[in-house]
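See below for the structure under consideration.
Bear in mind these aren't lab numbers, they're just calculated from the coordinates by the rules spelled out. Remember, predicted model here, so these are calculated numbers, not experimental data. Cβ placement follows ideal geometry from the backbone for every residue including glycine, while neighbour counts extend to all protein chains displayed.
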Amino acid sequence: MPAGPSTAARTPFVLLVVVLLGGGLITLLLLNSALNEGSFELSELKKRTTELTDEEQALQRDVDASSEPDALARRARELGMVPGGSPAFLDPDGKVRGVPSEAAPAPAVAPPPNTPTPTPTPTPTGPAAGAPAPGPVGSTPSGTPAAQPSTSPGR
């Protein structure tokens, strides 16, 4: 039996199958690499999301602590604020309901340690200290215009 004609007919088919299998394997390898890269990126993004969530929660705790009633009252006292007196309300018809009262004076509170103390402004001394500022020409110290001598063109 001659093996020539049947072997020659099978060679292109075998080559086609080998190329298709090799191409399929290379494609699977590239696809697997791309999926692994995406997996690493996903894990990094999850870690970053966790860090940002923790930071957000810490900031929210700070905001909540600052807005507690005790903290707000303490900060208001540090700023010199005092509780208001009893309020009065206006009805839609214009009647006043309630009796308003003034707020109690603020107790003397020392400024916080890192607040600069105001420096007093110097008061001017000397002859100009009590004198009124000069006004426009032809005016008296009271601000009224002085009497001007009249000159008539006919005289």
Give the residue list of trypsin sites (Lys or Arg not before Pro) in segment 1-87 that are DSSP loop and have at most 10 other beta-carbon atoms within 10 angstrom. none
Note, Ser67: beta-carbon cut-off 15 Å, +1 each Lys/Arg, -1 each Asp/Glu, net -1
In whole Hz, the Karplus estimates of ³J(HN,Hα) for segment 69-80 (6.51, -1.76, 1.60; θ = phi - 60°; x where Gly or Pro) are x, 5, 5, 5, 5, 5, 5, 5, 4, 4, 7, x
